[in-house]
1. Only one of 67, 90, 150, 49 is in contact with an Asp or Glu (Cβ under 9 Å, 6 or more places away or on another chain) and not hydrophobic (A, V, I, L, M, F, W, C); which?
2. Name every residue in segment 240-253 that is in contact with a Phe, Trp or Tyr (Cβ under 9 Å, 6 or more places away or on another chain) and surrounded by 18 or more Cβ atoms within 10 Å (Cβ to Cβ), in order of residue number.
3. Can you pull out every residue in segment 348-366 that is open to solvent by 30 Å² or more (accessible area, probe 1.4 Å), more than 30 Å from residue 407 (Cα to Cα) and either among the charged types (D, E, K, R) or in contact with an Asp or Glu (Cβ under 6 Å, 6 or more places away or on another chain) (or both)?
4. For residues that are open to solvent by 20 Å² or more (accessible area, probe 1.4 Å) and under 17 Å from residue 269 (Cα atoms), tally how many sit in segment 224-239.
5. If you check residue 160 against the conditions, is it open to solvent by less than 10 Å² (accessible area, probe 1.4 Å), of a type in the set (S, T, N, Q) and either over 23 Å from residue 31 (Cα atoms) or touching a strand residue (DSSP E or B) at 6+ places or on another chain (Cβ under 8 Å) (or both)?
6. Specify the residue that is nearest to the chain's Cα centre (by Cα); the eligible residues are those in segment 212-240 that are within 18 Å of residue 349 (Cα to Cα) and among the basic types (Lys, Arg).
7. Answer yes if at least one residue in segment 181-191 is open to solvent by 20 Å² or more (accessible area, probe 1.4 Å) and more than 26 Å from the chain's Cα centre (by Cα), and no otherwise.
8. Look at segment 22-46 and say how many of its residues are part of a helix (DSSP H, G or I) and either at pLDDT 55 or above or open to solvent by less than 60 Å² (accessible area, probe 1.4 Å) (or both).
Amino acid sequence: MSLIQPLFRLLCVLSLVLASSGSGLHGRNKSVSHEYCVLGAGPAGLQMGYFLSRSQRDYIILERNTGPGSFFNIYPRHRKLISINKIYTGRRNKEFNLRHDWNSLLSDRPDLLFQRISRELYPNADDYPRYLSMFAKELRLKVKYGADIGRIKASDFNGNQVYILTDQNGVTYQCSVLLVSTGLWIPQQVDFLGSDLVEGYESIPTDPEEFKDQAVLILGKGNSAFETAQSILGRASRIHLYSPSSVRLAWQTHYVGDLRAVNNELLDTYQLKSLDGLVEGRLEDIAIVRREKDGGKRRTAKKRSQMSTGGKEQLYLTLTELLDNQNGNNISKVTGQNLPGYHTDNFSLRQPYDRVIRCLGFRFNFSIFDGSARPPQSSGARGRLPGITAWYEGRGTPNMFVLGTAAHSIDYRMSAGGFIHGFRYTVRAVHKILEQRYHNIAWPATKLPISQLQSWILRRVNEASGTYQMFGVLGDIILLRGSYCEYLEEFPLQALPQLSALSGRPVSDHGLLVLVMQYGLNRTDTLGPGRAESEWTKAWRSNFLHPVLYYYNTLPTEKDMRQRPVGWPLPRPEAVHHMVEDFLTEWDQPISHSQPLRRFLEHCLQTDLRAFYAESCFLLSLTSRTPPLFCRQGYLRKQGIVGNSHLWQHAREAGLMADHQGDVTPGDDASVSEYLKHAGAAVVSTVNFDL
């Protein structure tokens, strides 16, 4: 019996009690219960809804708006998405193509892709709610729209924490497990003197003509700031961007949340000295003061947004410490007359501005949680995100998991977990954790004979999209069992010490391998000479994305994880192998990729993993007491070349071999034979077998 079912029955009883009591007091109020409540019908919420629906769980998705993906109805303000929609890859492999499709959600429907809605490389934001509506409708997901949850509290039932959600109509939802996928939508603000004179990204006009011949100061240097600057670049007279940090370019940092090239035209006008520029400084230290031309009353930011360039006030940026009159709050009561005389002497931002715009991103909405259910603020990301465990459960809030952009604290500024093409995979990983914890269904695993491990690894590094997109965060775990292994895909690496509990799969004395995609730690000019490593003997010096294998005799502990080297996704292993970076991201060459990988696996497994033709297996069987593993698992079991289903079928039809294939063969798992029938060339290695 599912562990969650007894708890769910208790919730149903409570629901009936609350409903009956509510009918006498508030007529319209009612209470309903579900095993799983998903809060928010954005891409993360719908993705989790798909997995819950596929596993036939009792769930409801609660959305406060009238349709899914409401965030994209407003943002980005200038309507161009920066998520890649690359349709033409030259491949027909659906898994590989997801590496370059950053918008589609995961499903078993190969036609349910974003390209049905848009074929633009950088699509219009209006297209995404349409795609989400199509996704929810065609998969018949259980979404309740117009349910604006205003309060979430936790309650204890038989030692288990459950959650009670209340909407705007007083309807309550009792949930054994709460899955929060509300995203980030509260504008991030910083209090400083004069912050009331600043316009917000969420409310600025999007018509460039309204900025004609105006001097504009933008607070922030992220994509929203540069997106705003780019939209008015041809109309504003002068644009300056101000923030504590310098610009971080995505093509340098490999973090897709940093400035993307599609938004960075202002860098040209800055470096070519065409009036625009970038300045660094702490936002908490600044003051925005006004100088009224007519000495009239102060205008609010809203009223100023309707003024022409002939308006009657100008705004100055200065430092609070330079002001004679400091009142310590965010209501500006100082004017330009308070500016000290030396303020204008070569001060970078000494000229006045017509508008100041805040573009500082968004934060998580903590306000709907009461004290019993509120997750802590994350230690990173300036506290904008909820604090969660390595398996995406809220810290101090058991049975509440955080999904999507709000769960980005795990890999903030490290990987793609804050974006659709990343969190669609972390949502899938969370669902597997839920299945194990609450329903005793172990993490799916592919059973492989050791002789086929190399081919399977090569297949994964060349096709898999989850580890490719969530580099350094999700990895494949290979549990070694002697003559065979169990292959687990896309496990959260930071939760590796809890592998057995989270996956339901124990680690044997043979140890384990972990396959990770990661960038190099060597800082280099990403466009300069020598930026890439091509020599396989120096693969550890690779700078760009490449596969790395870690071998452990025993499962790393939490202490090992805490003490891992800076920049490493995992603790120091007994052995590590880097596959040299490849310009085409195709790790399939016999000398540079296959042979070094085989040597590493043989070292870890203490087993000969060479592949042989039947004639060689015949000779080795006559001359050796222990023929190579490949021959033992293939030729000596009358299977010929292991894993080629076409050859097996031909041999059976010709009467050359029996139908029984032995106890451990790729045929034990349909996915293995399905792959190997397309990878016969990978089974028969082309390396030098006389080593």
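1. Working: 67 fails: in contact with an Asp or Glu (Cβ under 9 Å, 6 or more places away or on another chain); 90 fails: in contact with an Asp or Glu (Cβ under 9 Å, 6 or more places away or on another chain); 49 fails: in contact with an Asp or Glu (Cβ under 9 Å, 6 or more places away or on another chain).
None of the others qualify; the one that does is 150.
2. 240, 241, 247
3. 350, 354
4. In the first step, residues of segment 224-239 are kept if they are open to solvent by 20 Å² or more (accessible area, probe 1.4 Å); the result is 224, 227, 230-231, 233-235, 237-238.
If we keep only those that are under 17 Å from residue 269 (Cα atoms) as well, we get 227, 230-231, 233-235, 237-238.
Count: 8.
5. Working: open to solvent by less than 10 Å² (accessible area, probe 1.4 Å): no; of a type in the set (S, T, N, Q): yes; either over 23 Å from residue 31 (Cα atoms) or touching a strand residue (DSSP E or B) at 6+ places or on another chain (Cβ under 8 Å) (or both): yes.
Answer is no for this residue.
6. Kept after step one, since they are within 18 Å of residue 349 (Cα to Cα), are these residues of segment 212-240: 213-221, 225, 229, 236-240.
With among the basic types (Lys, Arg) added as a condition, the list becomes 221, 238.
On the way: 221: 22, 238: 36 Å.
Checked segment 212-240; the qualifying residue nearest to the chain's Cα centre (by Cα) is 221.
7. Keep residues of segment 181-191 that are open to solvent by 20 Å² or more (accessible area, probe 1.4 Å), which gives 182, 184-191.
From what's left, more than 26 Å from the chain's Cα centre (by Cα): 190-191.
For segment 181-191, residues open to solvent by 20 Å² or more (accessible area, probe 1.4 Å) and more than 26 Å from the chain's Cα centre (by Cα): present.
8. In the first step, residues of segment 22-46 are kept if they are part of a helix (DSSP H, G or I); the result is 22-26, 43-46.
Imposing the further condition that a residue be either at pLDDT 55 or above or open to solvent by less than 60 Å² (accessible area, probe 1.4 Å) (or both) reduces the set to 22, 43-46.
Counting residues in segment 22-46 that are part of a helix (DSSP H, G or I) and either at pLDDT 55 or above or open to solvent by less than 60 Å² (accessible area, probe 1.4 Å) (or both) gives 5.
The values are calculated or read from the model by the stated rules, or taken from the named source; none is laboratory data. Fair warning: this is a prediction, and the values are worked out from it, not measured in the lab. Here Cβ is always computed from backbone atoms with ideal geometry, including for glycine, and neighbour counts include all displayed protein chains. Side chains included, ligands, DNA and RNA excluded: accessible areas come from the protein's heavy atoms. Shrake-Rupley method; radii C 1.70, N 1.55, O 1.52, S 1.80 Å.
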